[in-house]
1. Restricted to the stretch A:93-137, and to residues that are open to solvent by 30 Å² or more (accessible area, probe 1.4 Å) and of a type in the set (Ser, Thr, Tyr), which residue is nearest to the other protein chains (Cβ to nearest Cβ)?
2. Which condition does residue A:71 not pass, out of (1) out of contact with any Gly (no Cβ under 7 Å at 6 or more places or on another chain); (2) more than 7 Å from chain B (Cβ to nearest Cβ); (3) of a type outside the set (S, T, N, Q); (4) buried (at least 18 other Cβ atoms within 10 Å of the Cβ), if it passes all the others?
3. Just to be sure before I move on: is residue B:125 under 15 Å from the mean Cα position of the chain (by Cα) and more than 14 Å from chain A (Cβ to nearest Cβ) in the structure I sent?
4. How about the stretch B:169-192: which of its residues are open to solvent by 70 Å² or more (accessible area, probe 1.4 Å), at pLDDT below 95 and farther than 15 Å from residue B:156 by Cβ?
5. I'm trying to understand the selection: among the residues of the stretch A:176-205, which are more than 28 Å from residue A:292 (Cβ to Cβ) and either at pLDDT below 90 or of a type in the set (Ser, Thr, Tyr) (or both)?
6. Go through (1) closer than 30 Å to residue B:55 by Cβ; (2) open to solvent by 60 Å² or more (accessible area, probe 1.4 Å); (3) part of a helix (DSSP H, G or I) and name the single condition residue B:132 misses.
7. Taking the stretch A:142-172 as the search range and keeping residues that are open to solvent by 10 Å² or more (accessible area, probe 1.4 Å) and of a type in the set (Gly, Ala, Ser), which one is modelled with the highest pLDDT?
8. Residue A:28 fails exactly one of the following numbered conditions: (1) in contact (Cβ under 8 Å) with a residue 60 or more places away in the chain; (2) within 9 Å of another protein chain (Cβ to nearest Cβ); (3) among the acidic types (Asp, Glu). What is the number of that condition?
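The values are calculated or read from the model by the stated rules, or taken from the named source; none is laboratory data. Just so it is clear, the model here is predicted, and its values are computed rather than measured. Here Cβ is always computed from backbone atoms with ideal geometry, including for glycine, and neighbour counts include all displayed protein chains. Just so you know, the surface numbers come from the protein's heavy atoms only, side chains and all, with ligands and any DNA or RNA stripped out. Shrake-Rupley method; radii C 1.70, N 1.55, O 1.52, S 1.80 Å.
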Amino acid sequence: MATVLYLDELSKKYGSLQAVHQLTLQVEAGSIYGLLGPNGSGKTTTLGMVLDVIRPSSGSFLWFGRSMSKETKLRVGALLETPNFYPYLTAKANLQVVADTKQADHGHINKMLDMVGLGTRSHTTFKGFSLGMKQRLAVAAAMLNDPEVLVLDEPTNGLDPQGIAEVRDLITRIAAQGKTILLASHLLDEVEKVCTHVAVLQAGKLKANGPVGDILSTQDQLLISAEELAPVLQLLERLPYVVQFSQDKNSINLSLSEGYTSTDLNRDMFAQGIVLSQLLVRRKSLEAQFLEITQK
Amino acid sequence: MNLIRTELRKILQYPTFWVIMATYVLLQVLLIYFSSSFMVSGQSLGKSLYDFPNLWMRFSYIAYFFNLLLGILIIVLITDEYSFRTLRQQVIDGRTRTEAVLAKFYVTLGLAGVGTVFLLVMGLLFGFLYSSDTSIKAIFGKIDYLSYFFVQAVGYMCLALFFAFLIRKSGLAIIAFLAWSKIVEPIIHYQLDDRIDRFMPMKVFGSLTPTPGQEIIDGLTSPMMVLSPAWAVLPALFYIAVLVLASIVLVRLRDL
């Protein structure tokens, strides 16, 4: 697969603050790449650098295997931090300004407004829009010249549940068209729901990256106990689908490999004449996983 | 062309732009109209003020004061792009930083053009109404002062453009623009020899529209050394180029 964006030890320093530290990443075509990290972890700075508005202190990046130029910019649609428009212009007039810059067909404007559900509000000025509408207008602007790549920075930030659902639905629909999406977010749940790949950032450093399934495991944790723990431990040694287990006073913590559930474990225990006195399934919280990753 | 069309889209629908332009036109009409009743040593200037061809020199001198208003308009238009973060968005969307500055430079050319045409219309109007001599020769006699005014307006606005890109906040940029043009540079003029300070930017821009009747004043006091309008054009163009280039370098070097 073609590499859309390649970052090579990209760094940004603000005085003594190292906002981004030697970040090396690769975004493949067709993926939905999540940049995950708490506020202030360097997500926006990273996106700002690859979008040509923040000058890197060191390191480099390539779009489509080339250095940044007008031509590469026209292949990328981006929304950085906030929706940026002229408050006194209508939605349509704002998109006309964007269409000029992106050399986009002005005929696409109405189509895009319809796509983001603002077709009937095209003559409302930008300042009269709700935050959700502003955010959707920004997505429409980013999509105006049908770019191959969409860069979205916290697209659901500050939105109410309805707005969040609308924007996520929009992202999923755009991804279905085969576009590559680079999405920065501090919401684990959002990245897990939307992305195919993820890079976890903390304090400007890359903590982990790879396919979402590998990084954010959805493995369940089991907690079991029985009258006699010794035979249980013996059996656990022999069961192939038990990934790991550990004894905890009167109970045992364990996790199973994918595709197996507590039912399998219970059946095998019973078949060996072991009756469990307690069997508890605990979903590992994403927040706990995130802390695990960032504390590594 | 594309840059100019985009700038027009932004400006023509901006209420603030129309308010400032209306102020510009209204105040200037008032000043031109009432200046004939100004008293100089007990006598009103009278309708001779509107005589061709010296009218062009007098009118461009009046318009000189309103360049400050055009400069403030340019500062508002540029700092808006920072506060709306639209400059940043346009660079993300595919404009180069150089184009972003050039687009605003084209706006200054356009505004200076509008100001010059306005002055031409006012001159013809008042001239035909009140001038004692309306021969072709008289009308076009000193019309070259309009072109000096054009260069001057561009110069003032380019100074404003530079402060706007340097400071990025409207209030502070306007203060810096006014302070430099009306206080700081004049103070420097006092410290320097006339032979040197006549080449300083505000003095050069000022020399493009000389004070009417300066000859008389010079006869009474020791004459001021200033460049003639025609000689001031070259250094004025030099300062315009320096201010625009400095703005481009500034925008290219900084984060948006």
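1. The extreme case among them is A:125.
2. (4)
3. Details: under 15 Å from the mean Cα position of the chain (by Cα): no; more than 14 Å from chain A (Cβ to nearest Cβ): yes.
The answer is no for residue B:125.
4. B:183, B:187, B:190, B:191
5. Within the stretch A:176-205, the subset more than 28 Å from residue A:292 (Cβ to Cβ) is A:176-180.
Within the stretch A:176-205, A:176, A:177, A:178, A:180 meet the criteria.
6. Result: residue B:132 fails condition (3) only.
7. A:165
8. (2)
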